[in-house]
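So the structure is just underneath, and the comments pick up after that.
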Amino acid sequence: MIHVLFVCLGNICRSPTAEGVFRHLVEREGLGDAVTIDSGGTAAYHVGQPPDRRSQAAAHLRGIDLSRQRARQVTREDIEAFDYVLAMDAENHANLLAISTPGNRHKVRLFLDFAPGPPGKSVPDPYYGQGNGFETVLDMIEVAAAGLLDDIRDKHL
Ligand code: 4NP
């Protein structure tokens, strides 16, 4: 069993979207029994809340239901328990490394490093933005999700 955790700041926009998109992909590929998927936030502001309505609406247009997910805060124990701890941006990546024990730091990666192209990219925070930020988030997440599944297949399945 491979355990994947997506992490952003509030756990109401980017990481719940990644959780929903990746679960949809994993189930479509018949791997639902081989991979567990969760998400969390480095901040606690939105703990217990469902994903942002704008994230839910954008995902719904692509056939993905985020409505049952609830925000929670990530802990050091999560980094221990999960195999992949995937930060949506550089700031959350740094914050995860700061709470991780040295032996678990290799699990903490930037999610977009699983997408083609140069490493080091971040998923932009759509929360305060205007326009189609939520569509952009979904587009980036879909590409990286495919790369992540390839990596899991290559290394673990
Ligand atoms: P997320 O977006 O990290 O993608 O869930 C945000 C949600 C809430 C806030 C910031 C980012 N906030 O400041 O409340």
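Before we move on, is ARG14 buried (at least 21 other Cβ atoms within 10 Å of the Cβ), under 29 Å from HIS156 (Cα atoms) and more than 8 Å from the ligand (Cβ to nearest atom)?
no
Selection within the stretch 106-157: residues that are open to solvent by 40 Å² or more (accessible area, probe 1.4 Å) and among the β-branched types (Val, Ile, Thr). The member of this set that is farthest from GLY20 (Cα to Cα) is THR136. Check the stretch 86-98 and report whether any residue there is in contact with a helix residue (DSSP H, G or I) (Cβ under 9 Å, 6 or more places away or on another chain), more than 16 Å from the ligand (Cβ to nearest atom) and more than 15 Å from PRO16 (Cβ to Cβ). Yes; the residues of the stretch 86-98 include at least one that is in contact with a helix residue (DSSP H, G or I) (Cβ under 9 Å, 6 or more places away or on another chain), more than 16 Å from the ligand (Cβ to nearest atom) and more than 15 Å from PRO16 (Cβ to Cβ).
Out of everything in the stretch 44-85 that is more than 17 Å from THR17 (Cα to Cα) and of a type outside the set (D, E, K, R), what residue ends up being farthest from the ligand (Cβ to nearest atom)? My answer is ALA81.
Within the stretch 124-157, the set of residues being modelled with pLDDT of 95 or more and either among the polar types (S, T, N, Q) or touching a Phe, Trp or Tyr at 6+ places or on another chain (Cβ under 7 Å) (or both) comprises PRO126, THR136, ALA144, ALA145, GLY147, LEU148, ASP151. Scanning the stretch 27-58 for residues that are assigned to a loop (DSSP other than H, G, I, E, B), within 19 Å of MET1 (Cβ to Cβ) and free of Cβ contacts under 8 Å to residues at least 60 places away in the same chain turns up GLY30, GLY32, ASP33. Taking the criterion of being in a helix (DSSP H, G or I), touching a helix residue (DSSP H, G or I) at 6+ places or on another chain (Cβ under 6 Å) and open to solvent by 10 Å² or more (accessible area, probe 1.4 Å), the only residue of the stretch 59-79 that qualifies is ARG76. Hey, does the stretch 119-136 have a residue that's closer than 23 Å to GLY32 by Cβ and either assigned to a helix (DSSP H, G or I) or within 16 Å of the ligand (Cβ to nearest atom) (or both)? No, there is no match, as no residue in the stretch 119-136 is closer than 23 Å to GLY32 by Cβ and either assigned to a helix (DSSP H, G or I) or within 16 Å of the ligand (Cβ to nearest atom) (or both). Screening the stretch 17-43 for residues that are β-branched (Val, Ile, Thr) and within 13 Å of the ligand (Cβ to nearest atom) and picking the one that is least open to solvent (accessible area, probe 1.4 Å) gives THR17.
The values are calculated or read from the model by the stated rules, or taken from the named source; none is laboratory data. None of these values were measured; they are calculated from a predicted model. In this analysis, Cβ positions are derived from the backbone assuming ideal geometry, glycine residues included, and neighbour counts consider all displayed protein chains. In case anyone asks, the SASA skips ligands and DNA or RNA and just uses the protein heavy atoms, side chains included. Shrake-Rupley method; radii C 1.70, N 1.55, O 1.52, S 1.80 Å.
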